[in-house]
Amino acid sequence: MIGFLKKFFPKIVKPKYPIYVPSKDRSRLSHTVNFFLEDGVDFKIVVEPSQEKAYVKKFGRKLVLTLPEDNLRLLGARLWIREHSIANGHKRHWQIDDNIRYIGRLHKGERIRCNANKAMHVIEDFTDRYENVGVSGLNYRMFVARSKFPYIVNTRVYSASLINNEMPYKHRLYYNDDTDLCLQCVTNGLCTINFNTFFIEKITTMKVKGGNTTDLYEKDGRLLMA
């Protein structure tokens, strides 16, 4: 894999599809934003109007996109993001959770941090070879070492998703929206690809304040999701 990357990607190659990070109440501690900035990734943070000032103060005006209103929850943000990418003429777009520490690669059983630009570009290149991919993305670090395969077809893709804008299937649930989107794909003739070659190191759900921890998971939220 190292030789492949050096041969075909000797310099940092940027992803061609837009990258969005929906975020709420995490302007002070957005792990994804921090490592994207370290890796030189081009991306946008998507926030509610009431959150705009805090995020602009922390990260600058150029990085922030503002939703049309508050309290759309993650589902509303996801749908708005998709329409924003379509309006800008993109075939696909990335949606990345805001509680990810880094992107890494699996090499001979070792899980090694790598530059996010390269990883995402390779996934885009592979995905674009096929006409029937609804969602592709990166598996979680905890799962990749158990697999003998560089990717898994027709399974769930969580937290770091490359979504096909041309398919009719969309996010539609407050809970398990990513599971539902993947199920819509595989039951209607499209496939999903979850990569093990590249992975995300994601912080466990509810370990970071803000986001869905506030909007969906407080009180009996986790029970409702289950």
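Throughout, read-outs are computed from the coordinates displayed, never taken from laboratory work. Predicted, not measured: the structure shown is a model, and the values here were computed from it. Here the Cβ positions follow ideal geometry from the backbone for every residue, glycine too, while neighbour counts run over all protein chains shown.
Which net charge results when you count Lys and Arg as +1 and Asp and Glu as -1 among the other residues whose beta-carbon is under 11 Å from that of residue 181?
Details: positive: 78, 82, 156, 170, 172; negative: 177, 178, 180.
Residues near residue 181 contribute +2 overall.
Based on alpha-carbon centroids, what's the gap between the stretch 126-145 and the stretch 28-80 in Å, whole number please?
24
Strictly greater than 19 Å: what percent of every Cα pair in the stretch 1-156 meets that?
That tail contains 58 percent of the Cα-Cα pairs.
For residue 142 paired with residue 34, estimate the spin-label separation in nm (one decimal), with each label point 7 Å from Cα along the Cα-to-Cβ line.
With each label placed 7 Å out from Cα toward Cβ, I get 2.0 nm.
Between residue 165 and residue 149, what is 0.36 nm times their sequence separation minus the Cα-Cα distance? Round to one decimal in nm. Don't skip to the end; give the middle numbers.
Details: separation 16, 0.36 × 16 = 5.76 nm, distance 2.71 nm.
This chain segment gains 3.1 nm when fully extended.
Where the eigenvalues come from the Cα gyration tensor of the stretch 71-194, what are the semi-axes √(5λ) of the equivalent ellipsoid, largest first, in whole Å?
On the way: eigenvalues 111, 52, 44 Å².
The equivalent ellipsoid of the stretch 71-194 has semi-axes of 24, 16, 15 Å.
Which distance in nm do the two modelled labels at residue 176 and residue 70 give, with both placed 7 Å along the Cα-to-Cβ direction?
Placing both labels 7 Å beyond Cα along the Cβ direction yields 3.1 nm.
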